[in-house]
Ligand code: SF4
Ligand code: SF4
Ligand code: SF4
């Protein structure tokens, strides 16, 4: 492929100049050729198959298209008259690369991974930040990872989607890379076009297994939050929604907390579990080594309550209208 063609394909794919080299590790040459042949607009399936064969990209056009879809290089655009296909973007491809080609992503130098995450977060904030700010003004808008859930509430979601439970790697944790949190923790109920399950990723599990994994995540200090298409098990370091919430200052509103935390110091046996579980340092040991609670640091995720061995931390439902 000529360099000018490669540059044109990278531009079409929305690759920032600083990541041209990394983009070549994420996208194969045959895929760049396809991107260039497709252009920016949706292409009917039959026409795409013709382009694949004409460019000599594969013996079997449907297999090649399926592989490009699996790798999130192209997206489905279902229309009444049939399936169309459209190129994805560097922003759309990067998380898949980090999630499903971890070994290859691992080869990038640390400063490159950090730069990729900084860039990705800015794009992400640009897409969803205004909706979070609208929520802060009391305007009802939808943003994913909307609500913190107790384990019981998360289990109720599982029961509602008992036949559609799938686990896949958490893209935030995969992209952030440098941490020791478990990565295969995203519970997904979504199987439609362009979902990870439809692309052939993830593992179907029973409702019972899904609950078991949610409990394990909760015990490891991951916070359950989400809605009817996914339940995330997030931490305070990698989670992009949480990074966005911090940037916007939306504690309590996004992700929405439905409970206040009440700590009974009398009941507390000073085991320190909550100090390790809390992602925000709301429970911590003071200089005297005694456990203390700072409600101003609490995001209302509820996991400390579920993990206190003597029920010294209770949840009080927020009354309607409170943030
Ligand atoms: S929102 Fe949370 S669980 Fe979901 S992908 Fe990000 S960190 Fe992972
Ligand atoms: S987990 Fe419970 S008992 Fe242990 S330190 Fe925290 S509040 Fe006290
Ligand atoms: S103190 Fe607040 S933020 Fe920390 S674990 Fe408990 S509910 Fe979550």
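The values are calculated or read from the model by the stated rules, or taken from the named source; none is laboratory data. Note that this is a predicted model, so its numbers are computed, not measured. With ideal geometry, Cβ positions are generated from the backbone for all residues, glycine too; neighbour counts draw on all protein chains shown.
Here residue 79 does not qualify as outside the structural domain of residue 231 (by TED's automatic domain parsing), buried (at least 16 other Cβ atoms within 10 Å of the Cβ) and modelled with pLDDT of 95 or more.
Working only within the stretch 29-41, note down all residues that are part of a loop (DSSP other than H, G, I, E, B) and over 26 Å from the mean Cα position of the chain (by Cα).
First, the residues of the stretch 29-41 that are part of a loop (DSSP other than H, G, I, E, B): 39-41.
Once the filter is applied, which keeps residues that are part of a loop (DSSP other than H, G, I, E, B) and over 26 Å from the mean Cα position of the chain (by Cα), the stretch 29-41 yields 39, 41.
Taking the criterion of being more than 15 Å from ligand 1 (Cβ to nearest atom), closer than 14 Å to residue 299 by Cβ and surrounded by 19 or more Cβ atoms within 10 Å (Cβ to Cβ), the residues of the stretch 252-276 that qualify are 257, 261, 274. Here is the figure for the stretch 179-198: residues that are under 16 Å from the mean Cα position of the chain (by Cα) and either outside any loop (DSSP other than H, G, I, E, B) or surrounded by fewer than 21 Cβ atoms within 10 Å (Cβ to Cβ) (or both) total 13. Here the stretch 151-177 is the region considered, the condition is being touching a helix residue (DSSP H, G or I) at 6+ places or on another chain (Cβ under 7 Å) and assigned to a loop (DSSP other than H, G, I, E, B), and the residue that is surrounded by the fewest Cβ atoms within 10 Å (Cβ to Cβ) is 162.
Taken together, the residues in the stretch 265-323 that are more than 11 Å from ligand 3 (Cβ to nearest atom) and either part of a helix (DSSP H, G or I) or in contact (Cβ under 8 Å) with a residue 60 or more places away in the chain (or both) amount to 2.
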